[in-house]
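The values are calculated or read from the model by the stated rules, or taken from the named source; none is laboratory data. Keep in mind it's a predicted model, so treat the numbers as computed, not measured. Reconstructed Cβ throughout: ideal geometry from the backbone, glycine too, with neighbour counts over all protein chains shown.
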Amino acid sequence: MSILVDEKSRVLIQGITGREGMARTKLMKDYGTKVVAGVTPGKGGQEVYGVPVFNSIAEAWEKEGPIDISVIFVPATGVKKAALEALEAGIKLMVIVPDRVPIYDVLEIVAVAKEKGASFVGPNTLGLISPGKAVLGMIGGRAERAREWFKPGPVGVASRSGGMTSAISYYLTESGLGQSTIIHVGGDVIVGLSLPEVVELFEADPETKIIVIFGEIGTTQEERVAELIRNGRCSKPVVAFIGGRAAKAGTRFSHAGAIIEGTRGSYESKANQLREAGAWVVESIAEIPFKVKEILKSI
Amino acid sequence: MARLFEYQSKELLKQAGIRIPWGGIASSPEEAAEIAKKLGQPIVLKIQVWVTGRASLGGIRFATTPEEASQLASELLGLKIKNFVVDKILVEEKLEISRELFAGLVIDDALKKPVLIFSSVGGRGVEEIASHYPEKIIRHEIDVRKGLEAAEALAIAHQAGFSDSIQKEIAEFLIKLVEIARKYEARSLEVNPLVITTANELVAADAHMVIDDYAVFRHPELGIEVAREFDRPPTELEKIAYKVEEKDYRGTFYFFQMIEDIPKEEIVVGFHGAGGGGSMMSMDALLRQGFRPANYCDTSGNPPASKVYRAAKIILSQPGLIGYFASGSGVASQEQYHSARGLVKAFLEEKLEIPAVIRLGGNFEELAIEILQTYLKEIPAKVEGYGRAQSPDFCALRLKQLIEEKPGVRHKVRPMEEPLIPADAYIFSTMTGSIWIDDRQCETCSDRPCLEACSSKILGLVEGKIRLVISPEEAQKGKCTECLACEIACRFHGHGGLGIILPIPGLKEYRQKIIETEKQINNQSYR
């Protein structure tokens, strides 16, 4: 098992004829993701790496059959329209790759997705991969690299930093520890599936034995993970690294969501709450594989 | 996040029909006196800076006469508060306050909704209100598609203990507040205090608004130059960098300066990260070696080589650097040879003298490192490339060792050179620049390495000449990915008949200014 995506998931690419869309379609197809169709309005009839392109999702659905997931590569300003089209067509999971999607656009997508019982990863995400099964987005960059860097196994990885998602997973693989699913939740303040929501999915996945998270200062995601552990809604061991400890030196992160919560959002708040709840908070990325191995041995 | 000043935020409230204090903005003591005279009543002067607790810093003062206003304004203008130099003062009527309330709107990351916060206690920080009077704080979730409805607004005002006409007035105010936040796509909007005057009027006495960076482009009317959160106005170099980012949606380029004037005794390096998490980790490694980064920079999300090139040129517009450090997560999904080529072009043009350590771990790191090693032999600087096997700490230590090998070398900013293009060259536009080809050079070149190097295969032979084989429009729309491979191949394996020009508006003038300043400093030190 894995979460959100496997080799059976039927995937559509929105913005398939663009620079990123084309390059990552190749990655996904080469890796084994079942990419059944692509959409770029006005470019219907073309093919991208053997994937038929349609003018609309409705048309793609009609010709190619039901679609489970849409991966969106359109420019940030067009994301809202693309996502609403996907939701309207009945797609239940979206991966919104672009960076710089206006926050109110995301809030609208959240509202509609909720009504439709759908969810999404991102925006501003590298995507996710269930090693050995399927990849969505651009994680790994190229199929041969993704195969080399990520292997199937018991560790669920969720991260707020794209590069660190790959880095942590690669170092796990190097240490002989495979991953169930690796997910970059996205770097924005409002994301579809945030860390706590992904942790709950890992909790329900029998293949995942241990969860690794890369958190960052800002937002309440890590605090909410701590809450899940405290409430017993996450019983699997959690190993966490929180970035941004030294960020005071001028890298300012936004805390708009933390205005009432006072100190919520700071490094200390996140690290302390996770520790008190029973998670292992490590001080460096290099420690993660050792800690994971140690814990896996004891369970 | 793009912050607005108090006076700008209030202007938006006023346009929406919310009552704000009478007054105006002053940049000189005379203007302050003028406004005070017009108001003809006791006034308050408020410095316009993005700093909380202005009153305790002496930034809020009261006056009764225009003379007094002028006097206080001359004291306040030019004052340095944290990273801010005061250049504007808001001069307003002093309100007769009967009661202070709080109203604000934030975007809650857990609820994934805007949340309206209202309290019948105001004036102080919302955290303080929350800890002293938690029961007074009303939080109300907003449906982003509907806004705040009249019945909801009335209920909030009622719950806060208001009735009759003031209840209605508060409700109307709250509806407008939510509308303004939505209209201008505010990440947060706070009116604190919201004042009930002795004449029973509802007045927004203070206002702070932060606009979503990503939505700033939809609001040119706000005149925001750099949509990034700073605790000070953006520097000139940051404005130049921001323009680059604004004009090119491919990948991310984030740049800000950590120190503007580099003290000569500091060991300051230019920092070029990739990815938020990886950059942070790499900066920590620099700090551990005792370095100070002159700037923070992040080019990631699969940026084209042209963007990385521009980032490097901007980083190298800072004088006095003793090293260049580039490092990201170490396991990047993006093709790292793009970054390598961007750096090569920049370092060659700069004839870089200071050592550089470039950690380009990730996809095609071997090729990326090879590019750095092959094409940077002619510059005075030592440049070392590393991949995912080497940690940021190892790389930062290498930089330190390279600096120690040749101590005392500091980066000198050079003028931006105008490229020499033959008048009859064949030229076509790329997304952010242009490529020129000099047929005479190509005629004598039998290998034509540019053709093989061109990754998107848009160059070909047309009647024996190197030409675009797609339409110029397609090239400009992005079919030419500005990978820079053709230029490097031509320069090193061909006859130098091809080049790519990637303008950076404003950088030439900026560098000229820096060079002048450096000259003056040097002249002074000789005297």
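Give the residues of segment A:41-76 that are assigned to a helix (DSSP H, G or I) and out of contact with any helix residue (DSSP H, G or I) (no Cβ under 8 Å at 6 or more places or on another chain), sorted by residue number.
The answer is A:59, A:60, A:62, A:63, A:64.
Could you please find all residues in segment B:303-319 being within 12 Å of another protein chain (Cβ to nearest Cβ) and over 19 Å from the mean Cα position of the chain (by Cα)?
B:304 - this is the single residue of segment B:303-319 that is within 12 Å of another protein chain (Cβ to nearest Cβ) and over 19 Å from the mean Cα position of the chain (by Cα).
Which of the residues that make up segment B:172-204 are among the small types (Gly, Ala, Ser) and either touching a Lys or Arg at 6+ places or on another chain (Cβ under 9 Å) or more than 15 Å from residue B:126 (Cβ to Cβ) (or both)?
Those that are among the small types (Gly, Ala, Ser) and either touching a Lys or Arg at 6+ places or on another chain (Cβ under 9 Å) or more than 15 Å from residue B:126 (Cβ to Cβ) (or both): B:181, B:186, B:199, B:204.
Any residue that is assigned to a helix (DSSP H, G or I), more than 7 Å from chain B (Cβ to nearest Cβ), touching a Pro at 6+ places or on another chain (Cβ under 7 Å) and crowded, with 21+ Cβ neighbours inside 10 Å - is there at least one of those in segment A:106-122?
Among the residues of segment A:106-122, at least one is assigned to a helix (DSSP H, G or I), more than 7 Å from chain B (Cβ to nearest Cβ), touching a Pro at 6+ places or on another chain (Cβ under 7 Å) and crowded, with 21+ Cβ neighbours inside 10 Å, which makes the answer yes.
Are any residues in segment B:13-46 crowded, with 21+ Cβ neighbours inside 10 Å and farther than 21 Å from residue B:197 by Cα, and if so, which ones?
B:26, B:32, B:33, B:35 - these are the residues of segment B:13-46 that are crowded, with 21+ Cβ neighbours inside 10 Å and farther than 21 Å from residue B:197 by Cα.
Quick test for you: out of B:58, B:17, B:53, pick the one residue that is over 20 Å from residue B:204 (Cβ atoms), assigned to a loop (DSSP other than H, G, I, E, B) and not charged (D, E, K, R).
Answer to the check: B:58.
Output yes when any residue across segment B:137-160 is in a helix (DSSP H, G or I), assigned by TED's automatic domain parsing to the domain that holds residue B:215 and among the polar types (S, T, N, Q), and no when none is.
yes
Which one of the conditions (1) surrounded by fewer than 14 Cβ atoms within 10 Å (Cβ to Cβ); (2) charged (D, E, K, R); (3) more than 11 Å from chain A (Cβ to nearest Cβ); (4) over 28 Å from the mean Cα position of the chain (by Cα) does residue B:61 fail to meet, given that it meets all the rest?
That leaves (1) as the condition not met.
Checking residue B:190 against (1) buried (at least 20 other Cβ atoms within 10 Å of the Cβ); (2) facing chain A (nearest Cβ under 10 Å); (3) under 30 Å from residue B:292 (Cβ atoms), which single condition isn't satisfied?
Against the list (1) buried (at least 20 other Cβ atoms within 10 Å of the Cβ); (2) facing chain A (nearest Cβ under 10 Å); (3) under 30 Å from residue B:292 (Cβ atoms), residue B:190 comes up short only on (3).
From the residues in segment A:138-161 that are among the hydrophobic types (A, V, I, L, M, F, W, C) and either more than 18 Å from residue A:1 (Cα to Cα) or touching a residue at least 60 places away in the same chain (Cβ under 8 Å) (or both), which one is farthest from the other protein chains (Cβ to nearest Cβ)?
The residue in question is A:155.
Go through (1) at positive phi; (2) among the aromatic types (Phe, Trp, Tyr); (3) buried (at least 20 other Cβ atoms within 10 Å of the Cβ) for residue A:49 and report which single condition fails.
Residue A:49 satisfies every listed condition except (3).
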